[in-house]
Amino acid sequence: AGCKRKAQEWSIRSRLRTQELLGLGQALKILKDPDNVAIFTKSASTFLQLSSTSASSASLAVQRQRKGRALAGVRSAYQYLSSLARKLHSFSLARVAVQTKLGGHFDQVMSTIDQRIADIRKEEGEDIEHRDRCESSAFKNKNDIQDLEHAGQQVDEHMESIGDQIKDLNQKVRDLGGEISATDGELAELLKLRNEGHEAFKQALKDDTMAVGIIKSAMSVMAKFYKDNPAAMLLLQGASDPKYTIDKDKAPETSFDSKSYAGRQSQSKGALGALEMVVADIENEIEVSRKDEKEAEEQYEEDRAALTEVRDANKKSEVEAKKRIADLKERKEDKAAEETQIGQDLVAQKQLRDTIKADCAWVKTHFESRKVARKAEIDGLQEARGVLANIDQGDFDELSLSAADDS
């Protein structure tokens with residue numbers, strides 16, 4: 001029974017081998033057809049174009065060995081790339097692995113690998129550029145924020161200084177106003193005293209002038225009396241007062257009687273002289289008062305000029321202080337506007353800082369890991385490329401991993 005079974009199996013294998021040889025012969029016949037050869041030449045078929053005029057079983061065996069080696073290389077490259085793609089979670093690498101598995105034109109697969117390597121290097125450059133841009137932007141943003149904060153602090157200090165200056169100037173204006181008012185009071189008092197002095201002078205001058213007139217009138221009357229009585233004038237010039245004898249109780253003798261009376265010449269002479277002296281004294285007093293009035297007027301003008309000069313100086317200082325206050329208030333308004341602008345710029349820079357932080361957060365956490373992953377992916381692609389480079393291009397072009405698995 002066992003021998004019978006073995007015989008049956010051998011018969012089946014022999015029949016299948018014969019059919020296989022017949023099939024291969026027919027296939028070779030089809031492949032060698034000139035029309036088919038022309039079609040293969042033009043097409044992008046994945047099968048190897050056969051141009052030999054004959055093929056022996058030995059050459060088929062060699063081709064199978066070569067295809068086997070090629071298949072092993074493709075499988076090795078595919079497994080390596082797919083494993084690396086899973087490890088690195090790289091969709092692009094997985095796509096290259098699938099393309100390698102499916103086979104196709106050798107140049108197309110190699111070009112895909114080279115393109116992927118180029119893409120990775122470009123991505124690496126973009127990462128480096130992004131990192132540098134982040135570092136530069138973050139550095140500039142940090143400096144801008146510090147500059148704005150410092151500028152804001154300076155503006156605050158400047159505004160505080162301006163406020164202190166305005167406060168001091170306002171106090172100065174009040175003080176100057178008080179001094180000006182005091183000077184105005186002094187000028188008014190000085191004018192009042194001068195007017196009172198001048199009125200007193202005029203009244204005294206009037207009184208003295210009238211007194212001189214009255215006295216001179218009296219002197220004129222007396223002079224007329226003596227003119228009308230010449231004897232009286234002679235007596236006035238030569239008579240002397242009576243002298244007493246040793247006996248004090250005895251009255252002195254006289255030489256006049258009532259008929260020859262010409263007045264009391266000595267007393268009259270003394271009265272005229274006294275009146276003349278009074279007139280002289282009054283006229284002298286008038287001259288002195290005129291001189292005093294003139295000096296008082298000059299002193300008033302001098303004092304008034306000095307006070308006016310002080311007042312004008314204080315008024316000028318007051319005007320300058322008020323102008324300075326107006327200028328400082330304008331500068332303070334400008335500084336307030338500048339402070340507002342700095343505040344807005346600072347808010348914008350802080351918002352930019354948050355944007356930069358969000359855009360560049362991955363640089364600190366993933367830049368190095370991406371760099372390592374890219375290097376591993378490039379190394380894997382180059383390793384796969386090296387494996388595929390050892391496969392004959394013609395053998396590779398024939399292969400389709402899925403078709404090989406089916407066989």
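For the reader, a short list of remarks on this structure follows.
- Nonpolar atom fraction for region 331-376, defined as the carbon and sulfur part of the 1.4 Å probe accessible area, stands at 56 percent.
- For Asn229, no residue 5 or more places off, or on another chain, has a built amide H under 5 Å of its own.
- Accessible heavy-atom area order of Lys322, Lys364, Lys87, Lys315, highest first, probe of 1.4 Å: Lys364, Lys87, Lys322, Lys315
- Positive end of the dipole of region 331-381 (Cβ unit charges, origin at the Cα centre): among Ala336, Gln351, Ala361, the Cα lying farthest that way belongs to Ala361.
- Integer Hz, Karplus 6.51/-1.76/1.60 couplings in order for region 170-185, x for Gly and Pro: 4, 5, 5, 4, 5, 5, 5, x, x, 5, 4, 4, 5, 5, 4, x
- Region 121-230 - percent of accessible surface contributed by carbon and sulfur, probe 1.4 Å: 55
- Positive-pole candidate from Ala218, His198, Ile166, dipole of region 153-229, charges at beta carbon: Ala218
- Applying the Karplus relation 6.51 cos²θ - 1.76 cosθ + 1.60 with θ = phi - 60° to region 189-200 yields 3J(HN,Hα) values of 5, 4, 5, 4, 5, 5, 5, 5, x, 5, 5, 5 Hz, where x marks Gly and Pro.
- Each Lys and Arg contributes +1 and each Asp and Glu -1, all at the Cβ; summed about the Cα centre of region 107-158, the dipole is approximately 140 debye.
- Solvent exposure of region 165-216 as accessible area per residue, Å², 1.4 Å probe: 63
The values are calculated or read from the model by the stated rules, or taken from the named source; none is laboratory data. From a predicted model like this one, the values you see are computed outputs, not experimental measurements. When we count neighbours, we look across all protein chains shown, and the Cβ atoms used for this are built from the backbone with ideal geometry, even at glycine. Please note that ligands, DNA and RNA were not included when accessible areas were found on the heavy atoms of the full protein model with its side chains. Shrake-Rupley method; radii C 1.70, N 1.55, O 1.52, S 1.80 Å.
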